[in-house]
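The values are calculated or read from the model by the stated rules, or taken from the named source; none is laboratory data. Nothing here was measured: the structure is a model prediction, and the numbers come from that model. Cβ: placed from backbone, ideal geometry, glycine included. Neighbour counts: every protein chain shown. Heavy atoms of the whole protein, side chains included, go into the accessibility calculation; ligands, DNA and RNA do not. Shrake-Rupley method; radii C 1.70, N 1.55, O 1.52, S 1.80 Å.
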Amino acid sequence: MTGVGFIRAYGLHWAWDEVHHRELWGKRGRSIATHRLTNFWEQTGIYVLHDPWGAYYVGQVAEQMIGERLTQHSRPKLSSGKDNPHYKKWTHFSWFGFHALLLPRQPTGITLVKEKRPEALLANIGNTINDVEALLMMTLGTTRVGNKHSEKFTSAEQWDQVTLHELPAAMELAKRQAVEVKSGVRRWPAASSGPL
């Protein structure tokens, strides 16, 4: 567990109005050799809702899916019928996921989130402290103000949001990549078969 932290993937300041129905698409890489596409709807972890002035609300998702929880925060009414105190008070969100990603990619070219959440999230004390510090710096934006350095997660990858107009092209690139892998015309190094 030496090089593993408890945050495995994350996205910063994603726009809620760019979220697809039951889909939180993230991407990494731009070329066919590096492109990866993942739906993070079922991720669990910590999330932050942002209003125009900064972090508005922090929550965590353990048993539920992060996509479902964010959807609940966006509805005018709670399931109890009461007014939702968070409705229209946030526009963006950041998420920090506990689930690793599976390799290799599926035949569709999409990388899947590991279904089972890890039972133990904390790594060694140094990695845990680094991950907590990085999470706070990224969430609070202190690197713009007081922190002279930026901290990185021990083993997490940052994912960029796939917007509504980008999704068709991202899906097409993932499919092209999957066809090349299947046909054996791979133009990049083979991925490892374990989780990230």
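Observations on the model:
- Exposure rank, largest accessible area first [ASP160, ASP131, ASP83; 1.4 Å]: ASP83, ASP160, ASP131
- Backbone N within the range 1-40 under 14 Å of label point (7 Å from ALA62 Cα along the Cβ vector): none
- Maximal additional length on extending the ASP83-LYS175 stretch stands at 28.8 nm, based on 0.36 nm per residue less the C-alpha distance.
- Built amide H within the under 5 Å cut-off of ALA100, gap 5+: LYS114
- Here the convex hull built on the C-alpha positions of the range 1-83 has a volume of 145 cubic angstrom per residue.
- Solvent-accessible surface ranking, highest first, for MET137, MET171 at 1.4 angstrom: MET171, MET137
- Accessible solvent surface per residue of the range 1-122, calculated while the other protein chains remain in place, 1.4 angstrom probe, Å²: 53
- Fraction of accessible area attributable to carbon and sulfur, the range 43-101 (%, probe 1.4 Å): 54
- Gain in span if fully extended, HIS20 to LYS152, counting 0.36 nm per residue against the direct Cα distance: 44.7 nm
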